[in-house]
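Structure record follows, encoded as structure tokens.
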Amino acid sequence: MFSQPSQICFKLPEWLNVYCQSYQPSSQLEDRMDFVIAAAAENISRQTGGPFAAGIFERDSGQLVSLGVNIVCPQQLSILHAEMVAMTLAERKLNTFSLKQASLPAYELISSAEPCAMCLGAIPWSGIAQVVTAACDKDIRAIGFDEGGKPDHWQQALTSRGIKVVDRVQRQQACEVLQQYERQQGLIYNN
């Protein structure tokens, strides 16, 4: 007899909500990125997932809407990349399937790393107005992660859809988190 789960849910690391309370809204991209990169570092130091974090912020005010970390391995779900978690949390919190609505402010995704092929595909559907990244594709691949088949000029692919892209913000700090994960021999999945 055929059987499958009737509901899918995932659990966030216990420390995440407390960490979010420490955020002080900032108009500076670097401050928001520092907050996201520190969450990635916390995720590996607490051994609750991979070396990636992403947040959804109100673009103009800098208010935090949601923060996600990579929880692929602990939750046994390949789609739980930090960006996917952050977008899912924001949509659920705001009770909408699209973050691009006239009644809502413009939102940005700030990620400790460039999106992989899966996350890149989800970004336009999410309604995000801006994407800000730190570590680049080669930094991520250098420690062994497979980012999938995404276009070399992924930034232009998003820009052509009206999504502003700012990349390599605080890149060195994000690379240090990736290198720490590698030194700790963190699990490199799907390679």
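Side notes on the structure shown:
- Residue under evaluation GLN47, criteria (1) at pLDDT below 95; (2) farther than 28 Å from LYS164 by Cβ, criterion not met: (1)
- Looking across the range 21-30 at every residue that is open to solvent by 60 Å² or more (accessible area, probe 1.4 Å) and more than 16 Å from the chain's Cα centre (by Cα), the one that is nearest to ALA174 (Cα to Cα) is identified as GLN28.
- Of the helices (runs of 4 or more DSSP H) contained entirely in the range 57-157, not one carries at least 3 residues that are open to solvent by less than 50 Å² (accessible area, probe 1.4 Å) and at pLDDT below 95.
- The residue pairs whose first member lies in the range 11-30 and is touching a residue at least 24 places away in the same chain (Cβ under 8 Å), whose second member is assigned to a loop (DSSP other than H, G, I, E, B) and of a type in the set (Ser, Thr, Tyr), and whose beta carbons are closer than 6 Å, counting only pairs six or more residues apart or on different chains, are PRO13/THR48.
- Residue within the range 135-145 that is touching a helix residue (DSSP H, G or I) at 6+ places or on another chain (Cβ under 9 Å) and under 25 Å from GLY62 (Cα atoms) present: yes
- Among the candidates ALA113, ALA142, ALA102, the residue that is touching a strand residue (DSSP E or B) at 6+ places or on another chain (Cβ under 9 Å) and either of a type in the set (A, V, I, L, M) or under 23 Å from LEU187 (Cβ atoms) (or both) is uniquely ALA113.
- Selection status of GLN180, touching a residue at least 40 places away in the same chain (Cβ under 8 Å) and within 22 Å of ILE56 (Cβ to Cβ): no
- Qualifying residue in the range 27-48 (condition: assigned to a strand (DSSP E or B) and either under 27 Å from PRO105 (Cβ atoms) or in contact with a Cys (Cβ under 9 Å, 6 or more places away or on another chain) (or both)): no
- Residue match in the range 180-190 (condition: at pLDDT below 95, of a type in the set (Ser, Thr, Tyr) and part of a loop (DSSP other than H, G, I, E, B)): yes
The values are calculated or read from the model by the stated rules, or taken from the named source; none is laboratory data. The shown structure was predicted, so the numbers you read here are calculated from the model rather than taken from an experiment. Glycine gets a Cβ as well: all are built from the backbone with ideal geometry, and neighbour counts include every protein chain shown. Remember, those area values only see protein heavy atoms, side chains included, never the ligands or the DNA or RNA. Shrake-Rupley method; radii C 1.70, N 1.55, O 1.52, S 1.80 Å.
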